[in-house]
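The values are calculated or read from the model by the stated rules, or taken from the named source; none is laboratory data. Note that the coordinates shown come from a computational prediction; the quantities given were computed from them, not determined experimentally. Note: ideal-geometry Cβ built from the backbone for every residue, glycine included; neighbour counts use all protein chains shown.
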Amino acid sequence: MRRNAHRFDVIDALAGTLPFSKKSLRFNGLIVARSVGLYDLYEKFERVAARRWPEPGKGKILGRIFYGLFYKGVRIATHASIRHCDLLNLPNSDELRYLRDEMGSTRPATVQPYGLTRVHRQGLLQAAASGETRLRKKRICFIGMWTPRKGAKDWSRIIHLIRARLP
């Protein structure tokens, strides 16, 4: 970054990947820290998930030490990049609320939700088959990461309930 800072007016970096001050980077432009999910909120969910779905084994001690240190470093880097950026780009108001209330950050922030624009959403709604047609096909589609946060641990219960209603 230091070598090429003069080439840019804006640097838009994933939160945690640029944990340095503008002065140390010798950069005079705008630094945006973009969140695709604040680490602190993922970590908070993982604690809840561990209580809700306890794992039988905890892994090897060296792995627990390594990952503990690794995630501590990720958290520190994320907090530093938030401290040093000029603007935060967040995907939802929950992250903004967490940033303000839990982290105490007053950094300027914008919320740009993921997903479709109203126009694209309308187009998909108009192109969609009727509810009756979709129910006859009985298909389930999942797009994204398959983790407890996205319902992986609830999947067997979901399938059980669906099959009870639609054998």
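Condition check for residue 144 on (1) surrounded by 10 or more Cβ atoms within 10 Å (Cβ to Cβ); (2) in a loop (DSSP other than H, G, I, E, B): one failure, at (1). What do you reckon, is residue 155 outside any helix (DSSP H, G or I) and not assigned by TED's automatic domain parsing to the domain that holds residue 13? Judged against the criteria, residue 155 is not a match.
Going through (1) exposed (fewer than 10 other Cβ atoms within 10 Å of the Cβ); (2) under 30 Å from residue 153 (Cα atoms) one by one, residue 96 falls short only on (1). The single residue among 104, 123 that is within 29 Å of residue 19 (Cα to Cα) and without any contact (Cβ under 8 Å) to a residue 60 or more places away in the chain turns out to be 104. Pairing each residue of the stretch 147-161 that is within 13 Å of residue 52 (Cα to Cα) with any residue that is in a helix (DSSP H, G or I), provided the two are 6+ apart or on different chains, yields C-beta distances under 6 Å for 148/49; 149/45.
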